[in-house]
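Visitor: Here's a structure for you.
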Amino acid sequence: GDYDNDELLRIFELIAGNHGYDIDDSGSDAVVAWFAAQPRGHGFGNGRAARNLFEASVARHAVRLVEIEDPTDEQLMTLTGSDIGPPAEVATS
């Protein structure tokens with residue numbers, strides 16, 4: 001069956017952790033908001049959605065860190081709400 005938003009957040013956190021990333025409170029809130037905004041179409045609530053969101057978040061995180069002159073280890077490995085991005089960015093097929 002499909003996962004609920006809290007389960008999808010846990011999956012996202014597991015994927016992030018497997019890649020050495022932490023997620024702060026703003027990031028967790030943004031992940032839940034992102035999933036909550038998704039149309040619950042066929043096969044939506046699966047791990048692939050969480051993985052796709054994670055990969056997009058890591059890309060945004062990398063772009064953001066380029067602007068930081070001397071990032072700390074914590075900054076390098078922490079995803080925040082701005083990295084997750086707003087739910088409105090989702091493209092509908």
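The values are calculated or read from the model by the stated rules, or taken from the named source; none is laboratory data. Computed from a predicted model, the values in this text were never measured in an experiment. When the accessible area is computed, the model is the full protein with side chains, heavy atoms only, and any ligands, DNA or RNA have been set aside. Shrake-Rupley method; radii C 1.70, N 1.55, O 1.52, S 1.80 Å.
Visitor: Given (1) under 25 Å from residue 2 (Cα atoms); (2) open to solvent by 50 Å² or more (accessible area, probe 1.4 Å); (3) among the β-branched types (Val, Ile, Thr), identify the lone condition not met by residue 66.
Guide: Single failed check for residue 66: (1).
Visitor: Looking at the structure I just gave you, is residue 50 open to solvent by less than 30 Å² (accessible area, probe 1.4 Å), more than 16 Å from residue 25 (Cα to Cα), part of a helix (DSSP H, G or I) and modelled with pLDDT of 80 or more? Reasoning before the result, please.
Guide: Values: open to solvent by less than 30 Å² (accessible area, probe 1.4 Å): yes; more than 16 Å from residue 25 (Cα to Cα): yes; part of a helix (DSSP H, G or I): yes; modelled with pLDDT of 80 or more: yes.
Taking the combined requirement at face value, the residue satisfies it.
Visitor: For segment 1-21: of the residues being open to solvent by 100 Å² or more (accessible area, probe 1.4 Å) and not in a loop (DSSP other than H, G, I, E, B), which is farthest from residue 53 (Cα to Cα)?
Guide: Going through the qualifying residues, I end up with 18.
Visitor: When you look at residue 40, is it of a type in the set (Lys, Arg), open to solvent by 60 Å² or more (accessible area, probe 1.4 Å) and in a helix (DSSP H, G or I), yes or no?
Guide: Working: of a type in the set (Lys, Arg): yes; open to solvent by 60 Å² or more (accessible area, probe 1.4 Å): yes; in a helix (DSSP H, G or I): no.
The answer is no for residue 40.
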